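Every read-out reported here was derived from the displayed coordinates using simple, explicitly stated rules and does not represent laboratory data. Owing to the predicted nature of the structure, the values given are computational and were not obtained by experimental measurement. Virtual Cβ from ideal backbone geometry, glycine too; neighbours counted across all protein chains shown.
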Amino acid sequence: MNRGLFFKAMQVTAPVFFGYIAIGIPFGLMLTQAGYPWYLAPLMSIIMYAGAGQYAAVGLFAAGASLPLIALTTLAVNIRHIVYGLSLSEQFKDTGIWKPYLIFALTDETYALLTSTSVPPQLHKDRWYAAIAVLNHSYWILGSSLGALLGVWIPFSFKGVDFALTALFIVLLIDRLKLSKNPLPALIGAASASAALIVFKPGNMLIASLVLGTVFLILLKKPVEHRGKFKTNV
């Protein structure tokens, strides 16, 4: 990565740097609090690289969950990435040896940057996309490693740290609502989660709420799409 490309990518990914440091540190803290060695944080961030999935994995590991349950939960938490990948299939053509890594490193924030920034003049898109993906990945590794080391070296109160993931998804939800101007999908999701919580209780609500939400979105497809078009044209 030449110097000019590096600094251009640094400027574009600066907001992600601050976000990943802020969210990565609580993950590292949670991991060491659960009794795992600090080096597991950077290891998971290198080979797994799924922010929400890594948060969920800590609780599942600590609870002694089976590997099939861990795999299913990780798929459910990150299933939106299937849509990300499909929408970038054309964009990732001709990215050469970087294509497998770009697919692996496709987080919410990286997807947002790849779809909202233009490739600088005189740069091939594969190098530009790779620079963004590699820098974002390194930010997450740094944040999770810092959190794990702080958890080992400094006495720290972990009360409320596990709320970081919830806060992250609230921020993502608010940002998505501002962009779409359509509250129906969020309302359907909230209703589905509430129903699953009441019927299946907290320990078993995740899969149930996802299934309910998917069913309701399919059944209410026309009203949701109509509402979205109406809001867009206002």
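Things worth noting here:
- For the chain, a crude dipole built from +1 on the beta carbon of Lys and Arg and -1 on the beta carbon of Asp and Glu, taken about the Cα centre, is about 600 debye to the nearest 20.
- Spacing of the modelled spin labels on Gln11 and Ile154, each 7 Å from Cα toward Cβ, amounts to 3.3 nm.
- Calculated FRET efficiency, Ala76 to Ala112, Cβ-Cβ distance, R0 = 22 Å: about 0.55 to the nearest 0.05.
- Counting lysine pairs in the chain whose alpha carbons fall under 19 angstrom apart, excluding pairs fewer than 8 residues apart on the same chain, gives 12.
- Extension gain, His124 to Leu173: 0.36 nm times the residue separation minus the Cα-Cα distance gives 14.3 nm.
- Taking the chain and dividing mean pair separation by its residue count, relative contact order in percent (alpha carbons under 8 Å, at least six apart): 31 percent
- Within region 3-162, the proportion of Cα pairs with more than 29 Å between them is 23 percent.
- With the simple model of a label 7 Å out from the Cα in the direction of the Cβ, Met48 to Leu217 spans 2.4 nm.
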